[in-house]
Amino acid sequence: MRGLPASCYLDATRAPLEYSAIFAPSWQFVCHVSDLPASGTAVRFDCSARSAVVLRTKAGGLQGFRNACRHRGARLVDGDVHTGLAFCIDGRLRCPYHGWTYDESGALVGIPAGQHFDEFDADAHSLHPLHVAQWRGLVFVAFQAPRLALEQMLDAVAGAWPDLTSLRRVIEPRATPCAADWKLACEHMLDTAHFDIARPVLKPRLFAPVMFEWGEGDALRATAEVATAGPGDTWSSRVYRQLLRDRQSIPARAEHVFLWPNLLLQLAPDGLSILQVLPGATGQSTFRELRYAGLDSSREMRLLRYTHQRVRRQALAADTRMLARVQQGMVALGADETGPIASGEVGLRWFVERCRARLPGAVPAPSTLATRSRSRRRTVPSAAT
């Protein structure tokens, strides 16, 4: 099996197609239910140049809308610069441009005096609704009707996970720019061959390399045991392992779920880590990172979270540097150039297959690419030669 051609990571005209075929009908993680604790609280979420707002209603439910006024298209909610959180007085969304006001159901309920329109139908100017769903305390939104129910997708791979409703956010959401296409970033999260190569000297590791199980649906799962001591250990990784040994009541492993197309969930002994890849301009993307944990505030648990986050921060910095290097290398390849995918790369094969299936006709046939590659193939001496 071969990967996607280089043009898939470089062509600026692909963005609208990828939005409509991949991102619009997919479930996108927005926040945790604890981030919307009371009626009127709201959160802004942006993905693929589209903006959504999710609002907690007076009845306790959640409503999602396109974050745009039906008058002249102005963005309704800005939210906090880091969290996207906001508060809507009386559960109403008021446009900052011309003052049009919408209630929690999205209905247009107010237009300032002096604005008059001929044959105006207020019902036809309600906010565009979005699909909102919860799974064990995690809130998702879809800009178009998703192919599968969120519960169906996640229960198939994480049915044994506990209820996550009681978790609380333990770090401010972090947005890390990455000079690589979003598909490269997602493939990197599923790639296992780079673990011992990309960071051969300093590679602090808390858990063993993640080996995903093949899945026919839109989600993959994997379990990783705590890593053994190695030459690349740091203070953080040594302390993390020691703390787990001291607290034998906590399972010393991490459960991973990758949800198509761009979300990685890691349920570790110290909490839930979320890494989401948001597409940007050609050759650009953003890693959105969030962490939630239980109410245990003991010194040992706080130290577990601290050391885990230190290792994750170091790893993400190294990953973004490596991805920028890969993106730059893609420019030097031919537009139809591809590389083979090893038989053991289950997650990577799964991701590439879905890209081809969701973008029919937009990705050259792998058989054609393989034929072209064979025509240019040179003999490579074996290691024994």
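Read the figures in this text as sums done on the coordinates, not as results from a lab. In this text, all values refer to a predicted model and were calculated from it rather than measured experimentally. No Cβ is skipped: glycine too gets one built from the backbone with ideal geometry, and neighbour counts run over all protein chains shown.
Using a/c under 1.5 as the rounded threshold, could you call the range 147-278 rounded, prolate or oblate? The axes a ≥ b ≥ c are square roots of the C-alpha gyration tensor eigenvalues, and prolate needs a/b larger than b/c, oblate otherwise. Oblate. In a fully extended conformation the segment linking Thr57 and Thr13 would gain 11.9 nm over its present Cα-Cα distance, using 0.36 nm per residue.
Contact order, relative form, for the chain: 21 percent (alpha carbon pairs under 8 Å, 6 or more residues apart, mean separation divided by residue count). Taking the C-alpha atoms only, the angle from helix 366-375 to the longest principal axis of the chain is near 40 degrees. Structural descriptor for the range 253-311: relative contact order 23 percent, calculated from alpha carbon pairs under 8 angstrom and at least 6 residues apart.
I need the shape label for the range 242-310. Rule: rounded when a/c is under 1.5, else prolate if a/b > b/c, else oblate, with a, b, c from the alpha carbon gyration tensor. Taking the square roots of the gyration eigenvalues as a ≥ b ≥ c, the range 242-310 is prolate. Here is how the number arises for the chain: DSSP H runs of 4 or more residues each give -39500 (n - 2.57), the sum is divided by the residue count, and the result at 222 nm is -7500 deg cm²/dmol. Taking other Cβ atoms within 10 Å as a rough exposure proxy, Trp260, Trp27, Trp214 sort from fewest to most as Trp214, Trp260, Trp27.
Length available on full extension from Ser166 to Arg92: 0.36 nm per residue minus the Cα-Cα distance, which gives 23.9 nm.
Cβ-to-Cβ counts within 10 Å put Glu337, Glu225, Glu119, Glu104 in ascending order as Glu119, Glu225, Glu337, Glu104, the fewest first. With axes computed from alpha carbons, what is the tilt in degrees of helix 299-332 against the longest principal axis of the chain, rounded to the nearest 10 within 0 to 90? That helix lies at roughly 80 degrees to the long axis. Under the shape rule built on the C-alpha gyration tensor, where the axes satisfy a ≥ b ≥ c, the range 28-145 is prolate, since a/c reaches at least 1.5 and a/b is greater than b/c.
Assuming R0 = 22 Å, what is the FRET efficiency of Thr228 and Leu316, from their Cβ-Cβ distance, to the nearest 0.05?
0.45
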